[in-house]
Amino acid sequence: MGGPPLSLVPGAVDGEAIYHETLFPFSAFGWAPLFAVTEGHLRFVLGPRPQLLDWMADSAELQNAFPARASAARKLQKDLKSLLYRKPLSAPTAVAPDAQLAATLQNLGYLSGQSASAEASAAGGRGKLDPAAGLVLLERFAAGKRLFAAGDLAGALTVYTQLTVESPGSVPFWMERGAAERGLGRFGDAVTSLERAQRLNPQLDFLDLRLGEAYAAAGRGAEAEAAWRRALARNPRFAQAVLALGEFLER
């Protein structure tokens, strides 16, 4: 990759700002995206809790130096904003869409997303959960999955319900809550949870699969068939949806 060499020698200062971003917390769980810039040994992270990190003095990047070094933080924040809103050096070249490539990416799940649409990601993380706090929720989410796998659906549902209260914009939390509710025979509740998830991301084909299963369990056959057909309209090679629809039509 082109670009200036990055100095790894202590005390050296690189001449150019290095831009970083992660939209995964936003797209997967509905939390805030994170943006950052590194200049020399200082890194500024823009998120719900802005941070100034000195990776030379604090290699684990655990200490936020923002309050003590506010002027340096403001300078880096200004540099970051200039990178975020910079204009391209030239107009992008128009490229005809490749239908086969788009279909392949769709089949692999790359065009579906989870908790947030591509359009919504441009709105940033105002009012959204800090991913650092979200990591604690993920530990509890994993604990809920272990309870579910061990057959303790009631215990798993307790965990998932609390997670949806604390992070109501997270599609995976609502999906697993719906699965636990369906496993406990609470079919109406399962439908409600999965419909809530679908409102967060109407384009997720796997969610239509789950919704179809919940509708069928609740005796709402027409809605189940419609959900599976939506999944297949988005992803014609979605084998699980093909099987679910085929078995339903056979019955």
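The shape of the range 118-251 can be summarised by an equivalent ellipsoid whose semi-axes, obtained from the alpha carbon gyration tensor, come to 26, 20, 12 Å from longest to shortest.
Sorting check: for 173-185, 56-68, which peptide has the highest mean count of neighbouring beta carbons within 10 Å, and how do the rest follow?
Top of the packing list down: 173-185, 56-68.
Each part gets one Cα centre, and for the range 174-219 versus the range 236-251 those centres are 17 Å apart.
Sort 207-219, 238-250 by packing, meaning the average of other beta carbons within 10 Å per residue, with the highest value first.
Values: 207-219: 22.4, 238-250: 14.8.
Ranking, from highest mean packing down: 207-219, 238-250.
Give me the Kirkwood hydrodynamic radius of the range 192-251 in Å, from all C-alpha pairs, to one decimal place? Write down the numbers at each step before the final one.
On the way: mean 1/r = 0.0899 Å⁻¹.
About 11.1 Å, per the Kirkwood formula over Cα pairs.
Packing order of peptides 153-163, 74-84, highest average first: 153-163, 74-84 (average count of other Cβ atoms within 10 Å over each peptide's residues).
Taken together, the values in this text are just the output of simple stated rules run on the coordinates, not laboratory data. Since the structure is predicted, the reported quantities are computational estimates derived from the model, not experimental observations. Counting neighbours? That spans all protein chains shown, and the Cβs are built from the backbone with ideal geometry, glycine included.
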